[in-house]
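First up is the structure itself, then whatever we jot down about it.
The values are calculated or read from the model by the stated rules, or taken from the named source; none is laboratory data. As the structure is a computational prediction, the values presented were derived from the model and not from experiment. Virtual Cβ from ideal backbone geometry, glycine too; neighbours counted across all protein chains shown. The area values use the complete protein model at the heavy-atom level, side chains included, leaving out ligands, DNA and RNA. Shrake-Rupley method; radii C 1.70, N 1.55, O 1.52, S 1.80 Å.
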Amino acid sequence: MAALRDGTVDYPPSCGTLEFQITEFSEGSMTLSATPAEYQYNAFGSVHGGVVSTWLDSAMGYAIQTTLALGERFTTLDLNVRFIRPVTAETGIVLVTGLVEHRGRRTSTAQGELRDDRGKLLASATTTGIMFDAP
């Protein structure tokens, strides 16, 4: 995570269109900053729910990833998102947080929030992940 944040390791290719970066993290916690842009809009003039969902999934997933042992991996089992307010380019930079609620032997749960720079809640989410050994 530090290497991603510091730029010594490249973000995955999908991050090029998602416009997010790691701002801070600790074990079980992750904060990303994201920049909403018009090219992410849906037909109704706001950032597409899939983009918002991916920001939240990324923050929660990275939070879970901070708890993994070397050689351990995980994938998302489910993702539940609540869209509370529209996100547009005018919203400005948003902060996306992920916090691990439970870290078990095979599964973990996390919660996520997307807030504007004034702290207003724009979307929230929960996820369950399953851990497995790397091949």
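Taking the conditions (1) modelled with pLDDT of 95 or more; (2) outside any helix (DSSP H, G or I) in turn, Leu68 satisfies each one other than (1). Could you look through the stretch 55-78, keep only residues that are of a type in the set (Ser, Thr, Tyr) and within 25 Å of Asp116 (Cα to Cα), and pick out the one that is nearest to the chain's Cα centre (by Cα)? Per the criteria, the residue is Ser58. The residues on offer are Val81, Val52, and the sole one that is over 16 Å from Leu99 (Cα atoms) and under 17 Å from the mean Cα position of the chain (by Cα) is Val52. For the stretch 1-11, the count of residues that are open to solvent by less than 60 Å² (accessible area, probe 1.4 Å), of a type outside the set (Phe, Trp, Tyr), modelled with pLDDT under 95 and outside any helix (DSSP H, G or I) is at least one. The conditions of being open to solvent by less than 50 Å² (accessible area, probe 1.4 Å) and either on the phi > 0 side of the Ramachandran plot or touching a strand residue (DSSP E or B) at 6+ places or on another chain (Cβ under 6 Å) (or both) are met by Thr127. For the stretch 105-123, the set of residues classified as closer than 29 Å to Ala69 by Cβ, of a type outside the set (Val, Ile, Thr) and either open to solvent by 10 Å² or more (accessible area, probe 1.4 Å) or over 17 Å from the mean Cα position of the chain (by Cα) (or both) consists of Arg105, Arg106, Gln111, Glu113, listed by residue number.
Screening Leu79 on (1) open to solvent by less than 20 Å² (accessible area, probe 1.4 Å); (2) part of a strand (DSSP E or B); (3) of a type outside the set (Gly, Ala, Ser) shows it passes everything except condition (1). Considering (1) in contact (Cβ under 8 Å) with a residue 24 or more places away in the chain; (2) open to solvent by 80 Å² or more (accessible area, probe 1.4 Å); (3) closer than 23 Å to Tyr41 by Cα, the lone condition that Asp133 does not fulfil carries the number (3).
Comparison of Ala69, Ala2, Ala37 shows that the only residue that is among the small types (Gly, Ala, Ser) and under 20 Å from Ala123 (Cα atoms) is Ala37.
This table checks each residue for (1) closer than 25 Å to Ala134 by Cβ; (2) free of Cβ contacts under 8 Å to residues at least 12 places away in the same chain; (3) among the acidic types (Asp, Glu).
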site: Met30; (1), (2), (3): yes, no, no
site: Ser33; (1), (2), (3): no, no, no
site: Gly71; (1), (2), (3): yes, no, no
site: Phe83; (1), (2), (3): no, no, no
site: Thr109; (1), (2), (3): yes, no, no
site: Asp117; (1), (2), (3): no, no, yes
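Residues of the stretch 29-65 that are part of a loop (DSSP other than H, G, I, E, B), open to solvent by 40 Å² or more (accessible area, probe 1.4 Å) and hydroxyl-bearing (Ser, Thr, Tyr): Thr35 alone.
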